[in-house]
Every structure is written in C-alpha cells, then in structure tokens.
1. Within region 634-652, count every residue that is assigned to a helix (DSSP H, G or I) and not aliphatic (A, V, I, L, M).
2. Of the residues in region 561-607, how many are in contact (Cβ under 8 Å) with a residue 60 or more places away in the chain and in a strand (DSSP E or B)?
3. Taking region 465-504, which residues are outside any loop (DSSP other than H, G, I, E, B) and buried (at least 17 other Cβ atoms within 10 Å of the Cβ)?
4. Somewhere in region 216-229, is a residue more than 23 Å from H324 (Cβ to Cβ), of a type outside the set (A, V, I, L, M, F, W, C) and either surrounded by fewer than 14 Cβ atoms within 10 Å (Cβ to Cβ) or in contact with a helix residue (DSSP H, G or I) (Cβ under 6 Å, 6 or more places away or on another chain) (or both)?
5. For region 552-559, state whether one or more residues are touching a strand residue (DSSP E or B) at 6+ places or on another chain (Cβ under 9 Å), of a type in the set (D, E, K, R) and either free of Cβ contacts under 8 Å to residues at least 12 places away in the same chain or not in a loop (DSSP other than H, G, I, E, B) (or both).
6. Would you check which residues across region 403-459 are under 20 Å from the mean Cα position of the chain (by Cα) and in a loop (DSSP other than H, G, I, E, B) and list them?
7. Could you list all residues from region 545-588 that are surrounded by 15 or more Cβ atoms within 10 Å (Cβ to Cβ), farther than 22 Å from F529 by Cβ and basic (K, R)?
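The values are calculated or read from the model by the stated rules, or taken from the named source; none is laboratory data. Quantities reported herein were computed from a predicted structural model and do not represent experimental measurements. When we count neighbours, we look across all protein chains shown, and the Cβ atoms used for this are built from the backbone with ideal geometry, even at glycine.
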Amino acid sequence: MSEASWSGRKVLVLAPTPTDPLDFGNRKRIHAVCAALCRLGAEIHYVHYASEMEWRRELPVMSARAMSQQWTSCWTVAPSRPLHSAPAGSHHTVDEWWDPAIGEMLKWLFSVQSFDAFIVNYTWLTKAFEFAPRGTLKILDTHDRFSGRKELLVENGIAPEFFYMQEPEERQALSRADLVWAIKEQEAIFFRSLAGSSVLTLPHAEVIQPVSRNAPAEGILRFGIVGARNHINLVNIRNFLTSLRSYIEKTLLPCEIHIAGSCCDDLMRDRLPPYVQLRGRMPDLIDFYRSVDVVLAPMTFSTGLKIKVGEALFLGKALIAHEHAYEGYPETHAFQHLASLDAMLAACRSVVRDPRLIEELEAASVAAAAATARLVNETLDRTAAIMNEVRPGTVIVMAIQDVRTDSLRLDHACEVARYLGHLAPVHVLLTGSGLVEFDEEALRRLAGMAAVIIEPALAPSRDVITQTLRANRIPQSSLTELCRNRHIGVWFASPPAPDLAMPKRSDIPAYLHIAAITAYGLGECWNGFLRRIQASFSQLCVLSSYDDPLASAARLLPGIETMRAPGVVKGHQSQALKTLKRAQPRGIVVLAETADEPLVALTLDILRWAGRDATRVVIPDRQARAECMGVPVLGQENFIADMRRSRVRPSAVINTSASASFELLQEMLDRHGIPSLDLFLPQGPDSSHGSEGILGSANRLMAAIRSDFPAHLCRKPRISDSSLIKEAGWKLVWLRTMARRKAVSGHVA
C-alpha cells in the first residue's frame with residue numbers, strides 16, 4: 001500500500017463504543033481500522049458516543065485516558081436521550097436511536113477544523129453525515145446487516161434485541177454515505193443491491209503475531225471457544241455443547257473444551273460435563289490462546305463477521321470452524337469451513353488422533369490472515385484513491401478575486417452550488433495567478449458549499465488558501481484536466497480570464513448566467529465571449545433574469561440555448577438579500593454606468609430640486625469610492641457593504657444604465673419589492689445615448705415626480721419571491737443535469 005495515499009490526512013471517526021478496553025469484537029474492529037489508518041500516516045480524531053455498559057454509569061477514567069493516547073484527539077459525547085430503546089413500531093426507523101447531542105458536537109468540530117474523511121460506525125448513526133461539509137468523504141462502516149436481523153433471531157428462538165430495521169430504512173442509511181464498507185463480501189453483495197453508493201469489502205484484520213502454544217497436560221488436547229455475552233453467542237455455544245455431549249458419549253473422545261469471555265457469566269448456570277471448563281472473563285486473552293491447542297468457531301447463524309475468528313487467524317492459532325462462522329475470510333484449509341457441527345466434531349477427532357494436524361492448521365491460519373490483510377490493504381488503498389479523486393459532479397469556474405463577502409457573483413455561485421449539490425458533488429475551480437489577496441471569510445463560505453480546487457496558476461497561493469480553509473490538501477487542476485472527467489456540467493460564475501486554458505470541445509455542457517457574468521462589467525465583446533466558451537463545450541446554455549439585449553444577442557447565435565431563470569434560486573445563500581431584508585428604507589439610489597455621465601448629474605439636480613434625497617450613486621466597478629455633486633459614488637460591493645453596516649436600504653431606485661451590469665443587483669432589489677424607474681429603455685449592448693435621449697429621460701423623471709414619485713412609477717418590480725419559485729428555467733437546468741448524471745453514471749440517486 002502507498003503510505004502517501006493517507007499520509008497527513010485527517011480522519012474523523014464516530015462510534016458508539018470505546019476503543020479501550022478491547023474486550024468486545026466491535027471494539028477490536030474499530031480499533032483495528034483506526035490503527036491501520038494511523039500506520040499509513042493518517043490522523044484519527046475519535047468521537048465516542050458513550051452508550052455502552054460501564055460508560056452509562058460512570059466515566060471510566062483509565063479507558064478515557066488510554067483512548068486520548070491512542071488517537072490524535074478524542075471527544076466524548078454524553079447521551080441526552082434513553083439508550084437502546086425498543087422500536088416504536090415493529091422495527092426501528094433509521095434515526096430512531098439518533099441523539100441530537102452528537103449533532104451539536106459535530107457542528108462544532110466541523111466549524112473549527114476540516115477533515116478529509118468522516119467514518120461513521122453503524123447504520124443507525126448515519127444522520128451524522130448530514131453535518132459533514134462538502135469535500136469530506138463520507139464513509140459508512142456497517143459492521144453488520146440490520147434488515148432481516150429480527151427475523152433471523154425469531155427463527156432461532158431468540159427475542160429481538162439491539163437494533164433491527166427493514167430494507168427501505170437500511171437503503172436510506174446507505175444512501176447517505178459516499179462509500180460503504182461491508183465487513184464481508186456476502187453483505188457487500190446485499191448492500192450493493194440496496195443502494196447506489198459504492199460498496200467495498202473491508203474485513204477485520206490485525207497485525208499477524210503468532211503466539212506460542214503451551215504443551216497440553218497428560219497429552220489431552222484442549223479446544224477453546226471465546227464468546228461475548230449475547231444471546232446469539234449463547235444459543236450457538238449451547239447448541240454445540242449439546243452436540244458435543246452426544247458425540248463424546250459415543251466416541252469417548254479424550255479432549256477438553258475451554259470457554260472464555262463474558263458468555264461464561266450465563267453458562268455457569270448450566271449443568272456442564274467435567275470436560276468443559278469455564279475460564280470466565282480474562283484480562284488478557286493471549287494467555288487463553290496460549291493455553292489451548294485448537295480454537296473452535298461453532299457459529300451456525302449470526303450477522304456480521306466473526307471477529308473472534310479473525311483474532312484466531314492473526315494469532316496463528318489452529319482453527320476449526322463452521323462455514324457460517326468463517327464467512328468473509330479466505331479459505332486455506334478444509335477444516336475452516338465445515339458444513340455442520342457434526343463435521344466440526346469429526347475434525348476435532350481427526351486432530352486428537354493426529355496432533356500433527358495442529359501445525360498444518362496453524363500454517364493455514366497464518367496464510368488466511370495474510371490474505372485478509374492484503375484485502376484490507378486493497379480496500380484502504382481504493383478508499384484513499386476515492387478520497388483523492390475529484391468525483392464527477394458540477395464544476396463552478398470562479399475567479400478568486402470575485403470571492404468577496406459582498407460579491408453578487410459569490411451569492412450566485414453559492415446558490416448554484418446549493419441547488420445542484422442535491423444531485424451530485426459540486427467543485428469550485430478558483431482561477432487567478434500568482435500570490436493574490438482574497439477575502440478569507442468569503443472563501444470559507446464558498447468552501448462550505450463546494451469542494452475547492454485551484455488552477456495551476458494559483459499555485460503560489462496554495463499554502464495560504466490551504467491554511468485559510470484549515471485543510472490538509474487543496475487539489476490542483478486545470479479546467480482542461482477537469483473536463484477529462486465525466487462531470488455533469490461546467491458553470492461559469494465569473495468570466496474566464498483571457499489566459500485561462502480552455503478545453504478543446506469537451507462533451508460536458510456549459511452554463512452561465514448573464515446576471516453574474518456582467519455583474520461588474522463584461523470586459524470584452526459579448527458575442528466574442530460567448531463564442532470562446534462555445535468553442536470549448538459541445539453545449540452552451542445562457543440564462544438571464546430578464547429578456548434584455550444580451551439575452552436577445554445570445555439567442556441569435558447558432559448553437560446557443562437561452563432560458564429565463566433568476567440569478568439566485570430561492571435566495572437562501574444570498575447575503576445581498578439578507579442585507580436588504582434587515583435594512584430600513586431611506587433615500588433614492590441612482591444606478592449609472594459611470595458617475596460622470598450627463599444624465600447622472602441631471603438626475604441628481606432634478607432630485608435635489610424636488611427635495612428628494614439621493615443617497616448614493618452606484619456604478620459597476622467592484623469597490624469604487626468617490627463623489628458626484630456631493631453624493632457618494634460606490635461600486636456594487638461597497639454599496640452592499642454600506643447597506644450591511646448601516647442597515648439602510650434605498651426606498652426607490654433610478655436606473656440610468658442601459659447595460660446588463662446591474663442585472664443581478666436589480667434582481668435583488670426587485671425581489672425585495674423596491675420600486676425602480678428606468679430612465680433609459682434597454683438597448684443593444686454597445687449602444688450610446690445622445691442629447692435627445694437625455695432630454696426624454698429628464699422629462700420622464702419630472703413626470704414621475706409630479707405623480708408622487710416613488711409611489712407611482714413607470715413599472716412595478718419585475719421579479720418577486722413568488723414568481724422566482726415558479727420560474728421554469730432552474731427546473732429545466734435541474735432536469736438536464738439529472739439526465740446528464742444518469743448518462744455518465746448509469747443511475748440517478
């Protein structure tokens with residue numbers, strides 16, 4: 001295995017069991033997985049939901065101290081609800097045992113640091129995945145199959161215990177993960193039939209450490225059984241002892257059966273023959289394994305993998321097992337997978353008659369352990385590859401200079417990420433060059449919505465970006481390289497810089513929204529800009545909030561599709577909308593292409609003459625600050641920032657610009673119901689206006705003022721919250737994106 005694949009990776013692990021002491025199979029399993037990742041260079045940050053046995057009554061200080069030394073960090077969540085409650089119906093629902101206290105811990109952990117992978121142990125804790133941010137690989141370690149568990153127990157005369165669910169609930173749990181680990185291939189096959197998530201087999205593996213065997217007293221061979229105290233173990237062991245009694249009575253087989261583990265607490269109440277010895281709970285099971293010659297695994301029914309079988313294999317012990325007990329491990333000897341208890345007893349007789357078979361079985365165990373370890377390494381390698389790869393999804397292309405707190409493009413990008421993120425992973429490709437200054441708060445906001453990738457030209461800023469996001473590694477890729485993957489779409493939230501390397505006729509569809517692209521001025525000829533993107537992608541869809549001249553120009557170009565859709569879907573991720581909702585109305589804002597246009601001065605004169613308060617002039621420049629006739633002139637970002645700080649928004653807007661530079665800002669204002677007056681009717685993208693147009697605009701403004709401006713205007717807001725929700729454009733994008741995902745992956749989640 002390549003250690004570089006996990007080296008430096010931060011892994012968060014959630015489990016309902018401690019990793020000290022290792023006196024139960026599930027504890028051994030979780031510890032073994034975490035220890036393997038540590039050996040490969042990963043950091044383990046362990047979240048222990050204290051729900052088992054001694055942790056319910058007290059805080060086991062020694063165990064807590066040991067766990068803090070095992071892992072990079074260890075956190076304990078105290079239960080805030082009754083534990084292991086019976087189901088409300090016939091079966092448990094998937095989240096019936098969920099504890100909100102776990103969610104509070106995860107909220108905090110994910111807010112203060114980032115993790116490359118999040119491993120959740122058991123399907124009944126998968127609600128935890130809802131707290132993981134994008135970019136964190138969500139791994140479910142199932143341990144066991146819980147659908148059909150109740151029926152299995154009842155069939156074997158055991159009252160339903162612990163957790164059990166039905167297949168639809170288990171399907172829901174599996175679908176929450178990016179990757180599912182099944183503990184044996186038999187369960188992996190079943191999980192693949194339920195969910196579309198990737199399923200890999202990760203059996204239990206420990207370090208191979210063969211133990212020496214003490215010589216038997218008086219030549220009588222000792223067979224050992226280890227079991228924890230649960231009904232499944234007890235029924236299986238008792239069934240075996242019943243068969244054993246009958247077999248020994250017939251054959252007088254000279255042997256001893258030694259049983260260790262907490263199962264002895266119940267077995268001591270049984271009337272057992274003298275050749276069965278109960279060793280009870282042992283502080284160190286290694287001593288038990290040294291004291292027996294052959295380990296027995298007489299489990300004829302159960303769920304999950306038998307950890308005690310793996311324990312015997314990795315200790316190099318001779319093993320005789322029922323075929324069900326051995327499921328999930330490589331077969332290296334016929335005695336490891338026998339079809340019945342009678343067959344197991346016959347194998348025991350063969351070993352008693354020829355003790356040389358013990359060495360043969362010990363060698364077979366070591367071989368099986370080595371094969372199991374190889375399978376575990378392959379699965380962890382494949383998991384690392386999945387974690388490292390950019391998974392197919394939507395790629396948002398955005399200039400790092402546009403990732404700013406009050407940027408309208410950032411609002412748009414976050415909305416796209418939130419909307420399309422329900423379908424597939426969303427990645428944002430940050431473009432730029434060299435060492436750049438950026439807004440750390442805004443970058444963290446964007447990273448919470450999409451996985452960040454940087455363009456190679458930004459490599460000098462990579463360390464700073466990585467540190468800002470508290471990440472261990474930020475992937476680096478060009479747009480051309482990303483387009484070689486089977487993504488479902490490329491979305492331009494910023495105009496691509498002239499030096500940005502574009503792919504050559506990728507079959508991935510491209511999207512852009514006029515409102516975002518023109519938020520601070522287009523910077524180049526509109527038609528040439530569209531043709532540049534069209535030359536790189538097989539499909540180009542142009543969205544627009546309004547039926548403006550740029551949308552009309554795009555509609556005339558062959559091979560380009562246009563549709564109406566707002567710049568933001570529902571506005572949940574728009575800081576501009578939140579700012580408007582919190583502010584109080586006061587004054588009139590003038591939107592202008594430049595502050596020195598004659599119409600701007602004339603508009604301010606008329607407003608002053610009419611006694612109206614013109615509070616600000618807003619121009620497309622990102623962060624401009626100046627004055628015009630005593631009125632502050634602000635760029636769009638500073639305008640939004642001023643509203644956020646002062647909590648004052650305009651009571652009305654006068655738009656003197658015929659360009660599409662204010663389309664997204666106008667959408668925000670319209671959406672909030674702020675009345676607006678256009679002094680120029682929309683014209684072509686390169687149009688200019690003479691003195692006749694200025695005079696006509698002045699007359700319109702005067703007429704509006706005489707009509708009790710702004711109570712009665714030439715038009716009402718063109719967009720409202722209710723109309724946006726019903727807007728068909730985003731629905732079309734959703735359907736086409738879903739169809740694209742189905743085409744590239746073969747299924748729709």
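1. Filtering region 634-652 down to residues assigned to a helix (DSSP H, G or I) leaves 636-646.
Add one more test, that the residue is not aliphatic (A, V, I, L, M), and what stays is 636-639, 642, 644-646.
Number satisfying all stated conditions: 8.
2. Total meeting the criteria: 8.
3. Taking region 465-504 and keeping what is outside any loop (DSSP other than H, G, I, E, B), we get 465-468, 476, 479-482, 489-492.
Listed by number, the residues that qualify are I465, T468, L479, L482, G489, V490, W491, F492.
4. Going through region 216-229, the residues more than 23 Å from H324 (Cβ to Cβ) turn out to be 216-222.
If we keep only those that are of a type outside the set (A, V, I, L, M, F, W, C) as well, we get 216, 218-219, 222.
Those still in the list that are either surrounded by fewer than 14 Cβ atoms within 10 Å (Cβ to Cβ) or in contact with a helix residue (DSSP H, G or I) (Cβ under 6 Å, 6 or more places away or on another chain) (or both) too: 218-219.
Looking for residues that are more than 23 Å from H324 (Cβ to Cβ), of a type outside the set (A, V, I, L, M, F, W, C) and either surrounded by fewer than 14 Cβ atoms within 10 Å (Cβ to Cβ) or in contact with a helix residue (DSSP H, G or I) (Cβ under 6 Å, 6 or more places away or on another chain) (or both), one finds at least one in region 216-229, hence yes.
5. Scanning region 552-559, I find at least one residue that is touching a strand residue (DSSP E or B) at 6+ places or on another chain (Cβ under 9 Å), of a type in the set (D, E, K, R) and either free of Cβ contacts under 8 Å to residues at least 12 places away in the same chain or not in a loop (DSSP other than H, G, I, E, B) (or both), so the answer is yes.
6. Listed by number, the residues that qualify are G421, H422, L423, A424, P425, G448, M449, A450.
7. K570
Matching residues to (1) part of a loop (DSSP other than H, G, I, E, B); (2) surrounded by fewer than 16 Cβ atoms within 10 Å (Cβ to Cβ); (3) not assigned by TED's automatic domain parsing to the domain that holds G304; (4) not aliphatic (A, V, I, L, M):
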{"site": "G41", "(1), (2), (3), (4)": "yes, yes, yes, yes"}
{"site": "R56", "(1), (2), (3), (4)": "no, yes, yes, yes"}
{"site": "C74", "(1), (2), (3), (4)": "no, no, yes, yes"}
{"site": "P82", "(1), (2), (3), (4)": "yes, yes, yes, yes"}
{"site": "E96", "(1), (2), (3), (4)": "yes, no, yes, yes"}
{"site": "L109", "(1), (2), (3), (4)": "no, no, yes, no"}
